[in-house]
1. Toward the positive end of the charge dipole of the stretch 1-112, about the Cα centre and with charges on Cβ (Lys, Arg +1; Asp, Glu -1), which of Trp109, Ala10, Thr61 goes farthest?
2. Over 23 Å between Cα atoms, which of Lys134/Lys186; Lys181/Lys206; Lys120/Lys206; Lys43/Lys181 qualify?
3. What FRET efficiency would be calculated for the residue pair Ala141, Ala84, taking the C-beta separation as r and a Förster radius of 41 Å, to the nearest 0.05?
4. So how exposed is Asp76, as accessible area in Å² (1.4 Å probe, rounded to 10)?
5. Take the alpha carbon atoms of the chain, find their radius of gyration, then divide it by 2.2 N^0.38 Å using N residues; give the quotient.
6. Quick one: work out the % antiparallel among DSSP beta bridges in the chain, nearest 5.
7. Roughly how many debye, to the nearest 20, is the charge dipole of the stretch 84-174 about its Cα centre, given +1 on each Lys and Arg Cβ, -1 on each Asp and Glu Cβ, and no other charges?
8. Suppose the Debye formula is applied to equal point scatterers at every Cα of the stretch 15-67; what is log10 I(q)/I(0) at q = 0.23 Å⁻¹?
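The values are calculated or read from the model by the stated rules, or taken from the named source; none is laboratory data. Computed from a predicted model, the values in this text were never measured in an experiment. Cβ coordinates were reconstructed from backbone atoms using ideal geometry, including for glycine residues, and neighbour counts include every protein chain displayed. Just the protein is used for accessible areas: all its heavy atoms, side chains included, with ligands, DNA and RNA removed. Shrake-Rupley method; radii C 1.70, N 1.55, O 1.52, S 1.80 Å.
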Amino acid sequence: AEMITLDLAALESGLHSGLEALGLDLSALQIAQLCQYASLINKWNKVYNLTALREQESILTHHLLDCLAVLAPLKDWAASNNLAAPKILDVGSGAGLPGLIIAICQPDWFIHTIDTVGKKTAFMQQAAAQLQLKNVSVHHARVEALSQQYALRFDLIISRAFSSLPDFLSWTALLRAPQGKWLAMKGKAPNSAELAELGHAFHVEKVQSLAVPQLQAERCLVWIAAN
């Protein structure tokens with residue numbers, strides 16, 4: 001599919017108004033990094049088809065703003081748990097969504113991303129290097145194997161891509177720090193049947209609805225804890 005050339009001026013002005021709507025105060029450097037990241041996604045997409053975007057969708061709304069909308073809830077979570085430098089794992093991160101966006105916005109946090117697809121992890125490594133993100137580690141692995149390979153345990157395990165909540169939880173359970181939580185980024189809020197599938201080991205703490213600027217679509221965050 002032929003990608004449209006990215007209009008960086010339009011992207012930047014849309015980003016500024018989106019950040020204002022979200023109440024996010026980013027530095028000029030961070031805004032430049034987000035724009036550079038968008039153009040890297042755009043460039044690599046032409047060759048590698050990293051992310052599926054339908055005709056009417058854009059990198060600004062469906063990637064940048066969609067992920068930036070999670071920042072305020074994440075900052076609230078970190079503050080309420082007294083975590084100055086939380087360790088976060090983004091599972092099935094793809095092009096680095098939301099992991100690299102969180103890393104740009106929170107340089108003091110430690111962000112790990114993981115994907116099984118080599119071209120996606122190669123892209124994330126390249127993007128992290130070009131954006132000079134010192135707080136990012138990229139893993140090319142199956143998430144079930146990560147707990148055997150590394151001693152790392154995470155304060156938050158997040159995913160935007162997982163369709164099955166039970167798989168997301170069971171495959172990452174060993175990677176969770178003692179007080180750690182899971183966060184699933186979803187479109188529609190999960191129904192009671194989906195929540196019942198979580199079984200006895202987990203419970204949903206809250207379902208938080210999200211408004212994404214410039215995007216008319218349902219979005220929510222499902223916060224999950226272990227029993």
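1. About the Cα centre, the residue reaching furthest to the positive side is Trp109.
2. Beyond 23 Å between Cα atoms: Lys134/Lys186; Lys120/Lys206; Lys43/Lys181.
3. 0.90
4. 100 Å²
5. My calculation over the Cα atoms of the chain gives 0.97.
6. So the antiparallel bridges in the chain amount to around 40 percent.
7. Approximately 160 debye in magnitude.
8. The Debye formula, applied to the Cα set alone, gives -0.92.
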